[in-house]
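The values are calculated or read from the model by the stated rules, or taken from the named source; none is laboratory data. This one's a predicted model, so the numbers in the text were calculated from it and none came from an experiment. Here Cβ is always computed from backbone atoms with ideal geometry, including for glycine, and neighbour counts include all displayed protein chains. Heads up: the accessible areas ignore ligands, DNA and RNA and are worked out on the full protein's heavy atoms, side chains in. Shrake-Rupley method; radii C 1.70, N 1.55, O 1.52, S 1.80 Å.
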Amino acid sequence: MIAHRQQSFDLTPYTIPTHVAIIMDGNGRWARQRGLPRQAGHRAGAENLRRIVSACVEFGVKILTIYAFSTENWGRPESEVRGLMKIFARVLDQEIHDLHAQGVCLHHLGDLTGIDPSLQAKVRRALEMTKENDRLILNVAFNYGGRAEILHAVRQMLADGLAPEDLTEGLFSSYLFTAGLPDPDIVVRTSGELRISNFLIWQAAYAEYYPTPAFWPDFDREELYKAIVAYNQRERRFGMVTE
Ligand code: IPE
Ligand code: IPE
Ligand code: MG
């Protein structure tokens, strides 16, 4: 077996963001650039996820949230949606043991109802298998939309009989799919798009936004390192002024 020596990055001067969120965009354009079908781009994107999860574990990121499928992505051609579901099922079957071995604890953000029952079962099994792991929390936003998440939270709060005066930002957060987790420190969007596309619209209120032209399948360990370096050059003020 050939051991590929990986470039070593010195992270000691840097603060590692606790929570990294990524809008994994550009699979289709990555494929088109190569004259390949979009599905080949999605496959390459899924392979890249494995690399980025390992890099997060290596760099000491504690929470990685990835946008895998939005509530709006149902509007794509049926064949593409079917292809994406096939990839999710395969990743859950084939990668889950490796993720488990790396100490990854899987969380799901979004709505599982309406998903194919066999895929739902795979998700539930993966959540159960990895629930005690604590090296990296991997939140997979799948059938996720920020607006749907907020509506879901409001419905739950009404169902719980909360009074208007009970509501605080902290309580509201505890009704979101990310309950109990700190907000993302950095939101990466690959492929050069400059929009949020309904991703973590509550939680990312003060995240550092990091757009990069790299298509998702090309966003490698070095790109993640560059994002962390850029994050360290930002001054987070949270609305206040610097001394
Ligand atoms: C991201 O890549 C994957 C999903 C949204 C599921 P795209 O499929 O959006 O790729 P582009 O934006 O068309 O290049
Ligand atoms: C956002 O990408 C959703 C995911 C990455 C899953 P899209 O490609 O769907 O977003 P738009 O349509 O460019 O805003
Ligand atoms: Mg896209």
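Residues in region 140-150 that are crowded, with 19+ Cβ neighbours inside 10 Å and not in a strand (DSSP E or B): G145, G146, E149.
Would you call A89 within 11 Å of ligand 1 (Cβ to nearest atom) and either within 22 Å of G145 (Cα to Cα) or touching a helix residue (DSSP H, G or I) at 6+ places or on another chain (Cβ under 9 Å) (or both)? No: the conditions fail for A89.
In region 163-180, the residues that are closer than 12 Å to A153 by Cα and at pLDDT 95 or above reach residues that are open to solvent by less than 60 Å² (accessible area, probe 1.4 Å) and hydroxyl-bearing (S, T, Y) with C-beta atoms within less than 9 angstrom, at least six apart or across chains, in these pairs: F177/Y144; T178/T65; A179/S173. Scanning region 201-243 for residues that are in contact with a strand residue (DSSP E or B) (Cβ under 6 Å, 6 or more places away or on another chain), under 15 Å from Y67 (Cα atoms) and assigned to a loop (DSSP other than H, G, I, E, B) yields a single hit, A204.
Here I52 passes the criteria (1) in contact with a strand residue (DSSP E or B) (Cβ under 7 Å, 6 or more places away or on another chain); (2) of a type in the set (A, V, I, L, M); (3) assigned to a helix (DSSP H, G or I) except the one numbered (1). Beta carbons closer than 9 Å, at least 6 apart along the sequence or on distinct chains, pair a first residue in region 106-135 that is free of Cβ contacts under 8 Å to residues at least 40 places away in the same chain with a second that is of a type in the set (D, E) and assigned to a helix (DSSP H, G or I) for K122/D93.
Residue by residue, here is whether (1) within 16 Å of ligand 1 (Cβ to nearest atom); (2) touching a residue at least 60 places away in the same chain (Cβ under 8 Å); (3) exposed (fewer than 14 other Cβ atoms within 10 Å of the Cβ) holds:
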position	(1), (2), (3)
H152	no, no, no
A159	no, no, yes
P182	no, yes, yes
S191	yes, yes, no
Y206	no, no, yes
F215	yes, yes, no
A227	no, yes, no
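Taking the numbered list (1) among the small types (G, A, S); (2) out of contact with any helix residue (DSSP H, G or I) (no Cβ under 6 Å at 6 or more places or on another chain); (3) free of Cβ contacts under 8 Å to residues at least 40 places away in the same chain; (4) away from ligand 2 (no atom under 15 Å from the Cβ) in turn, G60 passes all entries but (3).
The residues listed here are I137, I96, I115; of these, the one that is buried (at least 17 other Cβ atoms within 10 Å of the Cβ), of a type outside the set (D, E, K, R) and farther than 23 Å from I52 by Cβ is I115. Annotation note: of M85, M129, the sole residue that is within 14 Å of ligand 2 (Cβ to nearest atom), more than 23 Å from T18 (Cα to Cα) and in a helix (DSSP H, G or I) is M85. Given the condition under 28 Å from I150 (Cα atoms), more than 15 Å from the chain's Cα centre (by Cα) and among the β-branched types (V, I, T), answer yes or no: does some residue in region 210-221 qualify? Checking region 210-221: at least one residue is under 28 Å from I150 (Cα atoms), more than 15 Å from the chain's Cα centre (by Cα) and among the β-branched types (V, I, T).
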